[in-house]
Each structure stands twice: as C-alpha cells, then as structure tokens.
1. For the chain, what are the per-bin percents of Cα-Cα distances with bins 20 Å wide, up to the bin holding the maximum?
2. What percentage of the solvent-accessible surface of the stretch 1-118, computed with a 1.4 Å probe over protein heavy atoms, is contributed by carbon and sulfur atoms?
3. Please give the Cα centre distance for the stretch 9-82 versus the stretch 141-216, rounded to the nearest Å.
4. For the stretch 157-169, what does the Karplus curve 6.51 cos²θ - 1.76 cosθ + 1.60, with θ = phi - 60°, yield as ³J(HN,Hα) per residue in whole Hz, taken in order and with x for Gly and Pro?
5. At 7 Å along Cα-to-Cβ for each site, give me the label-to-label distance between Thr62 and Asp89 in nm.
6. Going Cα to Cα from Lys282, which lysines come in below 23 Å? Please leave out same-chain ones fewer than 8 positions away.
7. Quick check for me: using +1 on Lys/Arg Cβ and -1 on Asp/Glu Cβ, what's the dipole size of the chain about its Cα centre, in debye to the nearest 20?
8. Just want the answer: with Cβ charges of +1 for Lys and Arg and -1 for Asp and Glu, which residue in Val254, Ile228, Leu295 is farthest toward the dipole's positive end in the stretch 207-303?
Amino acid sequence: VPAVGDRRHALLNIGVVSATSSAQQNNRPGVMSETLACSGLDSNVEIAALVLRWQLVMGVTTHVIHGAFNSVEGERLYDAPPDWGPQSDHWPGMVELGRELADLQSAIRDAAQIAPVAILWPIRSYAALSVDALEVGDGWRDQLVELLRRCLDQQSGVHFIDEADLCRATIADGHIKLGRAIYSHILIPDCLILAASTIQALREAAIADVSVVGTGTGPAWIQTETGIEPAGELPWKRVGLDDVMPQLPRLAIVDGDTTDIRCTAWERNGEITRLLININDKKRDAVVDGKAIKLPRGKVVVL
C-alpha cells in the first residue's frame, strides 16, 4: 500500500507501532519491514521516499525493498510491480534515498525509544468478538485507531503493551519498565474482557502513581483461571479523548494544527535524537518548541 499512517490511512499506524513496541519491550535492536510491494505501476521514488521515511521515524531500522530484481526475465516480469532494481528507472533515486536513510538509521538502531505512553493492546477482547463486530465503523477497532492517531498527532511518544507483557513488567515509582521501554501513562481503550492478572497489574500501577486512564467502555468481564466473571469496580477512571490528550506528555511542542505531524525520540549512547516528519499533503511553517521551522512534506527533520 503506497500510503502512510496519516488521517486518511490511520489504520496503518497499528502495524508499525506494535512492531516497534515489541522490539523495545524485548530488547531487540530494531524492526525490519518488507516494504513497497504492490505499490502500483504509477509509483515512483517520491512516493517510496515518503513511505520509507515515515516508517523510519516510527522505528523501522531496516527496510527490505520488494522488489529490487536483478532480472525481470520470464515469470519475474509478472511479479507484483514495480521493480525498484538496477534495471529500472527508479534505481538511481533509490540508491540516493538509501544513503540518506542509512544516516538516520544509525541514530535509532539499538536505541531506546522515549515513549512514556502505553496503550493496552485489547487483543483478548477482539478474540472474543465475532468477525462482524470488527468491521470498520463498528466502534471497537475504530476507537483504538483513533486513540493512537490522536496520540501521534500531538507528538506523544506511544507504544502498545500486551496484557501478558504488562504482567511481567516492573512497576514502581510512577513507572512501568519493560526492556528498553519506560511508561508513565497507560491508556485502556474499548474492551470487552481483560484477564484478572491484567486488572491486578493495572491496580498495582495506579498505586505506584502511574497514570492509568480508561478512554473507552469496558471491560464488562474478567477472565480468571477458572472462568469468566463480571468485572465489577475497576481501578481506573474513564475520561473522554478530548480530556485525556492534554494530560499526556509530548516529545515536542508544535503550535497550531498538529494533524499528521509525527515526532519520535531515541536515546543512544547517552545522546537523544528527535525525528520530526510532516506527512500532511502540504508543507507546513510551524513553531516547534518556540522556534520557527519549515516542515516540507515527507522530509525528516532532526531536532
């Protein structure tokens, strides 16, 4: 899909954020992504550059380009287009783009991402729902996608965290620590059911001064070792998205309309690098942390 996780394609944020979250929580050096397959006959280096730069800012440290063919003879000619390889018109631009990305990849590979906000991954609820319940417009999936997009649109560093991973994390002194990840805020989206161990971990987090906030409905049920029970009273308050967003820490203060402006921050060898990218349709003149800055569409700005 030759698109990025902007307001029109917000679902695409789910994949890259979940992959980066898992890498950080499991002390992995980075994320590999096979990218650009089925981009269409009209694709070009400019479109590819937007996708690859956005992925890099979001935490993809290694791109595998599909496909850069040494030969397009025989059946290879009919593989999913386009060909980005040495025999294509795209090759010189892709080589130049690769050199640009290599410099940025060195700043985020094997680095700790600064992402103080964690969204609880509601996969248990989705497994309990029928397929029809997850259609676009139903509210379940859409609420999760919108919650993530709102966090990204205000330049909050954000991860997903699975229930099982939350339960193995260290919770103390206002933070949840897991691998390289450190969270001060955890958001619970719409969910139908959570494990009893998850509820206990969230209760311990709230007692340890982690900000635990429900942004949707549920859960209605708790899964125990022996069965399913009504949820009863929960150890967090529910707050609407408009009220939650101002409470979350931001990696950069961008004045005005921040839609489709992404920022991530990375700590490596004691140095912090912030990457900013404008994935809006148009260039932006913005004020970032009090400083006037130009944000061309699809270019990575290092703060």
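1. 31, 54, 14, 0
2. On the way: 3000 of 5670 Å².
Roughly 53 percent, rounded to a whole number.
3. Taking the Cα centre of the stretch 141-216 as reference, the centre of the stretch 9-82 is 28 Å away.
4. Whole-Hz 3J(HN,Hα) from phi for the stretch 157-169: x, 9, 10, 9, 9, 6, 4, 5, 6, 4, 6, 9, 7.
5. About 3.3 nm, to one decimal.
6. Cα-Cα hits under 23 Å: Lys291, Lys294, Lys299.
7. Details: 28 positive and 39 negative charges, 165 e Å.
Charge dipole, the chain, about its Cα centre: 800 debye, nearest 20.
8. Checking the options against the dipole of the stretch 207-303, the answer is Leu295.
The values are calculated or read from the model by the stated rules, or taken from the named source; none is laboratory data. Note that the structure is predicted; figures quoted are calculated from it, not measured. Neighbour counts run over all protein chains shown; Cβ positions are idealised from the backbone, glycine included. Remember, those area values only see protein heavy atoms, side chains included, never the ligands or the DNA or RNA. Shrake-Rupley method; radii C 1.70, N 1.55, O 1.52, S 1.80 Å.
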